[in-house]
């Protein structure tokens, strides 16, 4: 009974399908379709007619923020606790990260190879992840000593610290203490 239902459904599906699917021909010449049959001249269009004809619009100029949105850099020093100082690998990379919130992408990141502590730092508009994003705070700052040098990984044994509080652009004498093992 079930087999006959399946056969009937297959027959109906096969007979109802009118897609003209032909076998693959490796020698077939690829041609641009004639869109005038679909979009005849003079017909109302959504404004993308040039794109449909194959002409790409000019790319938009990068969006620049208003003058004065280039907040001043943050500055300070990073130190590491005595207990963790010997755990910094020679090939380590320090990532200094400025965020305006707990989630989402960081506003700015500075990558420092082979850090030695204490380390004076500056992070500002030149370190932004997205050039059009204003460098406006308040910022939370973290520093991570990463053994593999990949900012996307957070491996066990990496070291991390955070500055207490949040900081407006131009703040200085910020202290970050690396005091945590991931």
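Nothing in this text is a laboratory measurement; each read-out follows from the coordinates by a stated rule. Keep in mind the model is a prediction, meaning the values are calculated, not measured. Backbone-built Cβ (ideal geometry, glycine too); neighbour counts: all protein chains shown.
Once fully extended, how much extra length lies between residue 129 and residue 151, figured as 0.36 nm per residue of separation less the alpha-carbon to alpha-carbon distance?
6.7 nm
To make sure I understand, if each residue's beta carbon is the centre and we count other beta carbons within 10 Å, what order do 95, 139, 117 fall in, fewest to most? Display every interim value, and only then the final one.
Working: 95 20, 139 25, 117 17.
By the 10 Å Cβ count, ascending, the order reads 117, 95, 139.
Ranking 107, 153, 32, 81 by Cβ neighbours within 10 Å, fewest first, what do you get?
Starting with the residue having the fewest Cβ neighbours, the order is 32, 153, 81, 107.
Using Cα pairs closer than 8 Å and at least 6 residues apart in sequence, work out the relative contact order for the range 74-181, in percent.
Answer for the range 74-181 is 36 percent.
To make sure I understand, if each residue's beta carbon is the centre and we count other beta carbons within 10 Å, what order do 178, 112, 123, 38 fall in, fewest to most?
The order, fewest Cβ neighbours first, is 38, 112, 123, 178.
If you take the C-alpha gyration tensor of the range 121-172, multiply each eigenvalue by 5 and take the square root, what semi-axes do you get, largest first, in whole Å?
Semi-axes (√(5λ), whole Å): 23, 15, 9.
Can you list the equivalent-ellipsoid semi-axes of the range 74-181, largest first and in whole Å, using the square root of 5 times each Cα gyration tensor eigenvalue?
Working through the eigenvalues yields semi-axes of 22, 15, 12 Å.
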